[in-house]
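Structure, as structure tokens:
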């Protein structure tokens, strides 16, 4: 049985907070095991890493002003999005679809104003979310003695489908992708193209377990131990489709 | 707490089997409640509805032969894919990305050869998966006295990201999409673009709870009752992005 529990008691996170300590403390009633998965919404990770920008400090470029007009956004917000992007793939319907420096294709380069105290502050994605996950995992290990997996998430929209699903933008201690190619199904047939985005499905599970209107950035998942690994592993980078393999870029 | 349990004891399903009866019987040890969600892999639904084709009965057209050469597939398999598609969006890397008659954008129009007994048989998507979900829900209600939600799933690939996630192709008794636009976050800020694909996240959760190498097409999810509805609701059709709103078609 798989189960997911949203953890209460994570306070508002600020730069230089020891996020791992806040998580271990909030998990006090739940003894951690090595097969457990701790799913963390990226916002608290970003905040602890100081990946925040005050719009008052941002001077929008000509291009930011132009794009802002097209998508009806604050030009300073658009400037931050441009700063976080290698390429803008689409600009329509009030949304910029960006290729971020981390390699993600997502709306507004993951730059988000919601759940941020202070009207003119935006939160960026961590610079290297896999590194963030590895650090968080190591520090949780130091503090708790256990070595659960860590998955850092964001909510991404999808081509072709309505609504957002949470996906893994960083991870450590979990196989991000389970590859069944070459294995056989229950009828002994070879499975031709079954590659399961395990870390993304863990992210989606965690999102269902929490409420959006209260602050529950951390979710503990149990029952996914078969995907856990002792090593940190390849990270969520393995979930990024290369440009050559991508039919829709 | 959210939890998901894969249900054992569903036999190989054949056309005209009473799938709801098989499910209720397999669930015997789990008293069903109205807030429960029964997630069913579409293959057993399709099989019970006779949505199967023997390749020996298929005569490939000229176009099917041509496409089959491009993507290295059996021309008869490609013919079935063409029969299930309104449009072929891409043909590359051994995959046909199709717009199905149901409105889904997915690989090979959901026509799948794995987990099918008999080498030359393929399974199609249900003709109207929302109708399938409503019927299954009604029949489960008759047999069990409870009215759980029903979600019918398939594994879809994604643009930009590696691997497949399970998504909802049909549902009844669950809100497929939770729309937070206009509501406020924990800091009192309006949430601008938070539309959560609840039914897809339920599908992803269920997929994590089951093993792929044994036959566990049915997963029971508890703890998602806040998304359950007495009415059947709009179905997974609500998760299909209209062509006008789609930036990547």
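Nothing in this text is a laboratory measurement; each read-out follows from the coordinates by a stated rule. What you see is a predicted model; the values in this text were computed from it and never measured. Note that each Cβ is placed from the backbone with ideal geometry, even for glycine, and that neighbours are counted across all protein chains shown.
Within 10 Å of each Cβ of B:153-159, how many other protein chain Cβ atoms are there on average?
Per residue, the average neighbour count from other chains is 5.
Suppose only helical runs count, i.e. DSSP H with n ≥ 4. What mean residue ellipticity at 222 nm does that imply for chain A under -39500 (n - 2.57) per run, divided by all residues and rounded to the nearest 500 deg cm²/dmol?
-7500 deg cm²/dmol
Below 8 Å, C-alpha to C-alpha, sequence gap of six or more: please give me the relative contact order for the stretch A:124-249 in percent.
Worked out over the stretch A:124-249, it gives 25 percent.
Report the label-to-label distance for residue B:183 and residue B:30 in nanometres (one decimal), using points 7 Å from each Cα along the Cα→Cβ vector.
2.6
Over the stretch B:53-122, what is the relative contact order in whole percent, taking alpha-carbon pairs under 8 Å and six or more residues apart?
Once normalised by length, the contact order is 27 percent.
Within chain B, what percent of beta bridges assigned by DSSP are antiparallel, to the nearest 5?
Taking every DSSP beta bridge with both residues in chain B, the antiparallel ones total about 85 percent.
Checking the a/c ratio against 1.5 first, then a/b against b/c, what shape does the Cα gyration tensor give for the stretch B:36-87?
Prolate, because a/c is 1.5 or more and a/b exceeds b/c.
Rounded, prolate or oblate, given the Cα gyration tensor of the stretch A:1-82, with a/c below 1.5 counting as rounded?
Verdict is prolate for the stretch A:1-82.
Nearest 5 percent is fine: what portion of the DSSP beta bridges confined to the protein assembly as shown is antiparallel?
The antiparallel proportion sits near 85 percent.
Run the label-point distances for residue B:59 please: 7 Å along Cα to Cβ, every other copy, nanometres, shortest first.
Distances between equivalent label points, in nm: 7.4.
Using a label point 7 Å beyond Cα on the Cα-Cβ vector, give me the inter-copy distances for residue A:128 in nanometres, one decimal, shortest first.
5.5
How high is the relative contact order of chain B, in percent, with contacts defined as C-alpha pairs under 8 Å that are six or more residues apart?
Taking the mean separation of contacting Cα pairs over the length of chain B, I get 27 percent.
For chain A, what is the convex hull (Cα atoms) projected area averaged across all directions, in square nanometres?
Orientation-averaged projected area of the Cα hull: 14.7 nm².
What gaps in nm, shortest first, separate residue B:11 from its twins in the other copies when you place the label 7 Å past Cα toward the beta carbon?
6.1
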